[in-house]
Amino acid sequence: MAIVVAAVLFGSTFVVVKDAIAAAEPVPFLSARFLIAALVLLPMARRRPPEAGLFRAAFWCALALLAGYVFQTVGLQYTTGSVSAFVTYLFVAIVPVMSAIFLRHFPSTATVAGLIVATIGLVLLSGGANSFGKGEWLTLGCAFSFAAHVVLLAHYSPRHDTWKLTCAQLAIVGGLLLVPSLFTGGFAFPAKAWAAAAYTAVAASAGALGLQIWGQRLVGPSRTSLLLMLEPVSAAVLGYLVGDRLGVGGVVGALLILGGIALAEVFGGRANAQRADDPVPSLD
């Protein structure tokens, strides 16, 4: 449920960010968003005792997260939003492969079947990608980066406090973007862009990411990536409420994504429960 709520919160930001980026440069907007989120979580993080190895864990997670956002933002300059969404969410197919290679964590048959059904649904939901150009290749880098972030969290999140790990990686991402922001438009945002930065910081970067990190400690990387496919569904539903229309293919795609998640969760429940009792996987 924590990851489901996280996916819905992540999906709620698409409409907000689309309007904000029209009034503010992407890099300064992202820097403001992540730094605000870190400040929101700082009081809770400071109450937790010090932890050895926290900075290292947060640094590697932050690099993957930062790379994903940069690849996605630059790629959007050369491709459409629907194609970007499709290519980005190819990460759900990359996560099980990375998990098997680096964590020796093999998904259940039901999870694999659910991933296949949900990926087909994602193609229909986004309208498909007809060709791969510069924008698509850049966005594929985003997919690999987000997949790496999920796998890194699978390794580090059981070893560190959720609030401290979330706050630290948000601060690192925001800090790394701070200097480039000064050369790409600065922070002279209109009020609506600052409001959007504040909303995405609290709802997605602080709230949703914290829920994802906590929930992933219990369900594993492959199921996390599958449940996160609710993000484009929730984004599409919210888009419909503000005037966008899915069409028949989009509705069928959304239903297939939900069906793929249900397939993995219902028929894979026994295997997933057994996996939850396994020792924590390691990258070592």
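Conditions (1) assigned to a helix (DSSP H, G or I); (2) modelled with pLDDT under 85, marked per residue:
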site	(1), (2)
94	yes, yes
97	yes, yes
101	yes, yes
106	no, yes
120	yes, yes
125	yes, yes
143	yes, no
155	yes, no
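Based on what the data block shows, is residue 66 assigned to a helix (DSSP H, G or I), among the hydrophobic types (A, V, I, L, M, F, W, C), in contact with a Gly (Cβ under 8 Å, 6 or more places away or on another chain) and surrounded by 20 or more Cβ atoms within 10 Å (Cβ to Cβ)?
Values: assigned to a helix (DSSP H, G or I): yes; among the hydrophobic types (A, V, I, L, M, F, W, C): yes; in contact with a Gly (Cβ under 8 Å, 6 or more places away or on another chain): no; surrounded by 20 or more Cβ atoms within 10 Å (Cβ to Cβ): yes.
It is false that residue 66 is assigned to a helix (DSSP H, G or I), among the hydrophobic types (A, V, I, L, M, F, W, C), in contact with a Gly (Cβ under 8 Å, 6 or more places away or on another chain) and surrounded by 20 or more Cβ atoms within 10 Å (Cβ to Cβ).
Among the residues of the range 26-42, are any hydrophobic (A, V, I, L, M, F, W, C), in contact with a Cys (Cβ under 6 Å, 6 or more places away or on another chain) and more than 22 Å from residue 167 (Cα to Cα)? Scanning the range 26-42, I find no residue that is hydrophobic (A, V, I, L, M, F, W, C), in contact with a Cys (Cβ under 6 Å, 6 or more places away or on another chain) and more than 22 Å from residue 167 (Cα to Cα), so the answer is no. For residues in the range 74-92 being part of a helix (DSSP H, G or I), touching a helix residue (DSSP H, G or I) at 6+ places or on another chain (Cβ under 6 Å) and surrounded by fewer than 20 Cβ atoms within 10 Å (Cβ to Cβ), which is modelled with the highest pLDDT? The selected residue is 74.
Looking at 234, 225, which is the one that is crowded, with 22+ Cβ neighbours inside 10 Å, polar (S, T, N, Q) and within 17 Å of the chain's Cα centre (by Cα)?
Going through 234, 225 in turn, just one is crowded, with 22+ Cβ neighbours inside 10 Å, polar (S, T, N, Q) and within 17 Å of the chain's Cα centre (by Cα): 225.
State whether one or more residues within the range 37-48 are surrounded by fewer than 17 Cβ atoms within 10 Å (Cβ to Cβ) and not in a helix (DSSP H, G or I). Yes, there is a match, as at least one residue in the range 37-48 is surrounded by fewer than 17 Cβ atoms within 10 Å (Cβ to Cβ) and not in a helix (DSSP H, G or I).
Within the range 8-29, the set of residues being closer than 26 Å to residue 226 by Cβ and assigned to a helix (DSSP H, G or I) comprises 8, 9, 10, 11, 13, 14, 15, 16, 17, 18. Only one entry in 33, 47 is within 22 Å of residue 142 (Cβ to Cβ), modelled with pLDDT of 80 or more and of a type in the set (Lys, Arg), namely 33.
Evaluate the range 160-177: report whether one residue or more is in a helix (DSSP H, G or I), of a type in the set (D, E, K, R) and either under 16 Å from the mean Cα position of the chain (by Cα) or modelled with pLDDT of 90 or more (or both).
Yes, there is a match, as at least one residue in the range 160-177 is in a helix (DSSP H, G or I), of a type in the set (D, E, K, R) and either under 16 Å from the mean Cα position of the chain (by Cα) or modelled with pLDDT of 90 or more (or both).
Residues of the range 50-73 that are among the aliphatic types (A, V, I, L, M) and either at pLDDT below 80 or under 21 Å from residue 181 (Cα atoms) (or both): 62, 63, 64, 65, 66, 67, 70. With respect to the conditions (1) crowded, with 21+ Cβ neighbours inside 10 Å; (2) of a type outside the set (Phe, Trp, Tyr); (3) free of Cβ contacts under 8 Å to residues at least 40 places away in the same chain, residue 21 falls short on a single one, namely (1). Per this entry, residue 33 is not counted among residues that are basic (Lys, Arg), in a helix (DSSP H, G or I) and farther than 30 Å from residue 257 by Cβ.
The values are calculated or read from the model by the stated rules, or taken from the named source; none is laboratory data. Keep in mind that what you see is a predicted model, and the values were worked out from it rather than measured. Ideal geometry is used to build each Cβ from the backbone, glycine not excepted, and the neighbour counts take in all protein chains shown.
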